[in-house]
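The structure under discussion appears below in the form of structure tokens.
The values are calculated or read from the model by the stated rules, or taken from the named source; none is laboratory data. Bear in mind the structure is a predicted one, so any value in this text is a computation, not a measurement. Positions of Cβ are generated from backbone atoms using ideal geometry, with glycine treated the same way; all protein chains shown enter the neighbour counts. Side chains are part of the model used for accessible areas, which takes the heavy atoms of the whole protein and leaves out ligands, DNA and RNA. Shrake-Rupley method; radii C 1.70, N 1.55, O 1.52, S 1.80 Å.
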Amino acid sequence: MGLGSTRKTVLVTGAAGFLGSHLVDRLLAEGFEVVGLDNLMTGDLGNLADAGRSRHFHLEIGDVREPLRVYAEVIFNFACPASPVHYQSDPYATLTTSVLGAVRLVEHARLRGCRIVHASTSEVYGDPDEHPQRETYWGHVNPIGDRACYDEGKRAAETVLRDAVRVHNADARIVRIFNTYGPRMSFNDGRVVSNFLVQALNGQPITLYGTGEQSRSFCYVSDLIEGIFRVAMAPAIETPLNLGNPVEVTMIELARAVMQVTGREVELVRKPLPADDPRRRCPDITRARAAIGFEPAVPLAEGLQRTHDNFVERMRYSLRPPAGP
Ligand code: UDP
């Protein structure tokens, strides 16, 4: 396709979201004409403040469940609420955004011949029996649980895209994104990194769900965006790729790291573990290393420091400081 040689148009759905907006900034820096689509269900226009200053960025307020009206050579599909609090607040919207959104993209790609890079998720593995998770693992998902609207929606979206590849020879690339954090995370999305940072910065107790021994693997946002960009630019990506940082930490360890970075010693309070909360999660990134040379570079302490600095800056300019969740 010769991407990058002249100014080509790309579309980012979910452009006003945490990942979508970082991706928009990266694509603008790489010299693309970028169209952003967002229905602002969970997105925040403030995330596009930098992009809005570029004459090469164009924002459409619209819904990925509707037929696309934009021509782009590559479509990055990042439209979907992604934190458990957000995606469970309107499960129907979450499921339909994933599934109908994928159907719309495939219809569009069939007519226009564009490339799709689709944001799937480690949630397709559910509460995994295999650890770390390889792309060959089929997952362990409760189809009627609280997380199902997201997990099953994302699984069905993968099915839609893979069938488009198989049946119509579409160019659809699937990335399974593991926990990612960084500047611009919403204060109130209920995610563990944002909760812990906001709590510690407000001098409030840190809320540990369950024993706090459950693990996640946190990837700094610039590392993830690098991986996504490489996936888009690669000549071909045949199978889903895990993208995430393979360093696993427990939530207790994360709480300690957050206290260190904020310089606040706060109490830890226990809260019930949410239903179907995965006990362990860690990506096996062997495939992504081989396919695109993916190698996360930002250690947790450094990424948390940058995220902390961004939170402090944003809290300073908020009219009132965010309440602890
Ligand atoms: N978690 C926690 N305290 C919080 C928010 C989350 O202990 O205030 C836990 C949650 O139960 C889960 C982990 O942190 O085990 C990651 O949660 P998050 O919502 O960030 O993402 P996900 O569960 O989708 O990986």
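The table below lists the values:
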| read-out | value |
| --- | --- |
| Dimensionless Rg/Rh of region 11-92 - Kirkwood Rh, Rg from C-alpha atoms | 0.96 |
| Ratio Rg/Rh, restricted to region 99-208 and using Cα atoms, in which Rh is the Kirkwood radius | 1.07 |
| Residue-count net charge about Val312 - beta-carbon cut-off 14 Å; Lys, Arg +1, Asp, Glu -1 | +3 |
| Directionally averaged projected area (convex hull, Cα atoms, the chain), nm² | 15.3 nm² |
| Cleavage-rule hits, GluC sites (Glu not before Pro), region 234-322, DSSP coil, Cβ neighbours within 10 Å at most 13 | Glu238, Glu265, Glu267 |
| Rounded tilt (10° steps) of 91-112 against the dominant C-alpha axis of the chain | 30 degrees |
| Using alpha-carbon coordinates, inclination of helix 221-233 to the longest axis of the chain, degrees | 10 degrees |
| For region 200-325: accessible area per residue (Å², 1.4 Å) | 49 Å² |
| Accessible carbon and sulfur surface of the chain relative to its total accessible area, %, 1.4 Å | 52 percent |
| Within the chain: Cβ-based charge dipole about Cα centre, in debye rounded to nearest 20 (Lys, Arg +1; Asp, Glu -1) | 480 debye |
| Nearest-ten-degree value, helix 148-168 long axis tilted from longest Cα axis of the chain | 20 degrees |
| The chain: antiparallel DSSP beta bridges as a percent of all, rounded to 5 | 10 percent |
| Span from the region 37-73 Cα centroid across to the region 236-295 one, whole angstrom | 28 Å |
